[in-house]
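Take a look at the structure below.
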Amino acid sequence: MEILIKNLDLMFWIIKEILEFIGVLLITFGSLTALYTYIIDLFYRKTNKLLAFYRLRVSIGNYIITGLEMTIAADIVGTSINQTYYSLGILALLVLLRASISFLIERENSSIPLEFKQKI
């Protein structure tokens, strides 16, 4: 039984690390993709600069939100391994912080003028 618990802890730890890596990968890849698209919009497609900027903001914001959701999932899995009140408190603070960041990014994206929202 003890071997099963150790293997289960190892499996959860591996899942946690994979989810964290995917979250970081999403944020990095998304930022680079959004920046590449922004440069293409400005120099090759001759898109309106303000429209290209709004597209950049929305794209980076969406990737950050998705990456943060993956890291929250990793923290939840990590807390299932180490079940203490301290780890639950840290998890609650991290979830609150990341949810606040996600809310602010969504709010920022919703402040884009309607004429540009239709083109994004």
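The numbers here are math on the coordinates, done by the rules we state, and not lab data. No experiment lies behind these values; they were computed from the predicted model shown. Don't worry about glycine lacking a Cβ; one is built from the backbone with ideal geometry, like all the others, and counts go over all protein chains shown.
Take each of the peptides 23-34, 8-19, average the number of other beta-carbon atoms within 10 Å over its residues, and list them starting from the highest.
Top to bottom by mean Cβ count within 10 Å: 23-34, 8-19.
With P(r) over Cα pairs in 10 Å bins from 0, in percent in mind, check [x] 13, 45, 33, 9, 1; [y] 9, 18, 12, 10, 10, 11, 10, 9, 6, 4, 2, 0; [z] 13, 31, 26, 16, 9, 3, 0 and report the label derived from this structure.
[z]
Provide, for the chain, the number of lysine pairs with alpha carbons under 29 Å apart, each pair being eight or more places apart or on different chains.
5
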